[in-house]
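Report on one structure; see the data block that follows.
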Amino acid sequence: MICHFPLGRPLGVPNDAEFQTRLLSALFAMLDAQSGPVLETFETRLDDIAEEQLVCTLPPRLDPDEHPAVDEARALKNAYERAVAKHGNRVGVSRELEAADIPEAVQAFVRIEQGTAMDEAGIPGVPMRVAQDIRGYYQTAALELAEHSPGAWAGEDWFYNDTETGRLMLSVRRVLKDAGAPHAAWFFLSPGDR
Amino acid sequence: MTDQDIKNMVAQLPCPEFEAPAFTTAKPLNECRVAVVTSAALHHPEDDNFAAQDTSFRILDATRRDVHLGHWSPNFDRSGFAADINVIWPIDRLEELAEQGVIGSVAPRHLAFAGNQDESMTSIRLDSGPQAAKLLLEDEVDVVVLTPV
């Protein structure tokens, strides 16, 4: 079954049991074929809906002496933990870090932005996996802050466009690229189109 | 946008062509045991993380809902799965269909591979893929829903 859905959502729409069941029913109906192979296209197309905005109120600054991204990451910990309690930790931290490690990891990327070499910045693990943990931490916290299921890519857009840490990660990516770092060192720190 | 860029890139990748694709007729759906096999690199918290281009698979216990998404690629939306496990692993939907008698039963074990593979997929085709099929046959699975990520 060819499904024109946003990448990462093979069942189409989160928290829409009717839609998901309709898709499964269409899949199972293909089993009635008496000859094959069978190739069909699902009747409903869901395009990338990145124009949808995820609106999350970010917490105010806790410590003005901290880098804004580090301070922001620290301030989101309660929202992250509430979201994990409600939804489970499906995309949040787990690859390299625990939630308590996130501010320190963000600080390591701050050092890179400020000129420290990547291998001397203190990134606590494989950089692209640490970057995924940071992104997952924010996206999980966003579930609690927004209290609705974001459209496809709306969570990513919010992180990279609207948060201090998201902007930091894109800045670090540019710094590394401009410094001639190996492609693999910077490219996978964010989605490719960034 | 992001999705279209990646779909355009993937469309240029070579895809195996089979001279004689396998086909079989299915028994009645209300007698079928159904499993999910996903390429989203899902795993339970105590399982080993997926390595980069990991060709092995993890077993998902149908009675549990605590799963992490261990995929290495940054190039897909994660927020849908963060909000609803069924958007990748439709385990609740299958249980509802089993309770309604639409499908026969839900398999006790479901499988997760990592979708970011080399183009040949040799190890999966020759090793872990057949191993996964053997496990599903042991559980008397009749139908598999593949959810690609």
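The values are calculated or read from the model by the stated rules, or taken from the named source; none is laboratory data. The model shown is predicted, which means the values in this text are computed figures rather than measured ones. Cβ placement follows ideal geometry from the backbone for every residue including glycine, while neighbour counts extend to all protein chains displayed.
Points to keep in mind about this one:
- Selection within the stretch B:105-140 - of a type in the set (Ser, Thr, Tyr) and in a helix (DSSP H, G or I): B:THR122, B:SER123, B:SER128
- Residue, surrounded by the fewest Cβ atoms within 10 Å (Cβ to Cβ), within the stretch B:14-40, restricted to residues that are among the small types (Gly, Ala, Ser) and touching a Ser or Thr at 6+ places or on another chain (Cβ under 9 Å): B:SER39
- Every listed requirement among (1) assigned by TED's automatic domain parsing to the domain that holds A:ARG174; (2) in contact with an Asp or Glu (Cβ under 6 Å, 6 or more places away or on another chain); (3) of a type in the set (Lys, Arg) is met by A:ARG61 save one, (1).
- Yes/no for B:PHE76 being more than 7 Å from chain A (Cβ to nearest Cβ) and either without any contact (Cβ under 8 Å) to a residue 24 or more places away in the chain or buried (at least 17 other Cβ atoms within 10 Å of the Cβ) (or both): no
- Selection within the stretch B:81-104: residues that are more than 9 Å from chain A (Cβ to nearest Cβ) and assigned to a helix (DSSP H, G or I). The member of this set that is nearest to A:GLN139 (Cα to Cα) is B:ILE91.
- Unique match (being more than 17 Å from the chain's Cα centre (by Cα) and not small (Gly, Ala, Ser)) among B:LEU42, B:LEU69, B:LEU97, B:LEU60: B:LEU97
- Of residues in the stretch A:5-39 being among the charged types (D, E, K, R) and part of a loop (DSSP other than H, G, I, E, B), the one nearest to B:LYS7 (Cα to Cα): A:ARG9
- Pairs linking a residue in the stretch B:90-103 that is farther than 21 Å from B:SER39 by Cα to a residue that is not aliphatic (A, V, I, L, M), with Cβ atoms under 6 Å and 6 or more positions apart or on different chains, are B:ALA98/B:SER105; B:GLY101/B:ASN30; B:ILE103/B:CYS32.
- Residues satisfying the stated conditions in the stretch B:45-62, i.e. under 19 Å from B:ALA132 (Cα atoms) and either within 11 Å of another protein chain (Cβ to nearest Cβ) or not in a strand (DSSP E or B) (or both): B:ASP47, B:ASP48, B:ASN49, B:PHE50, B:ALA51, B:GLN53, B:ASP54, B:THR55, B:SER56, B:PHE57, B:ALA62
- Single residue of A:ALA17, A:ALA69, A:ALA85 found to be in contact with a Lys or Arg (Cβ under 7 Å, 6 or more places away or on another chain) and not polar (S, T, N, Q): A:ALA17
- Some residue of the stretch A:61-73 being assigned to a helix (DSSP H, G or I), within 16 Å of the chain's Cα centre (by Cα), touching a residue at least 12 places away in the same chain (Cβ under 8 Å) and within 12 Å of chain B (Cβ to nearest Cβ): no
- Within the stretch A:116-129, considering residues that are assigned to a helix (DSSP H, G or I) and either within 12 Å of another protein chain (Cβ to nearest Cβ) or among the hydroxyl-bearing types (Ser, Thr, Tyr) (or both), the one surrounded by the most Cβ atoms within 10 Å (Cβ to Cβ): A:PRO127
- The one condition in (1) within 13 Å of chain A (Cβ to nearest Cβ); (2) modelled with pLDDT of 95 or more that B:PRO108 fails to fulfil: (1)
- Number of positions in the stretch A:99-115 that are outside any helix (DSSP H, G or I) and closer than 14 Å to A:THR165 by Cβ: 0
- Total residues in the stretch A:147-182, condition over 19 Å from A:ILE102 (Cβ atoms), within 14 Å of chain B (Cβ to nearest Cβ) and assigned to a helix (DSSP H, G or I): 3
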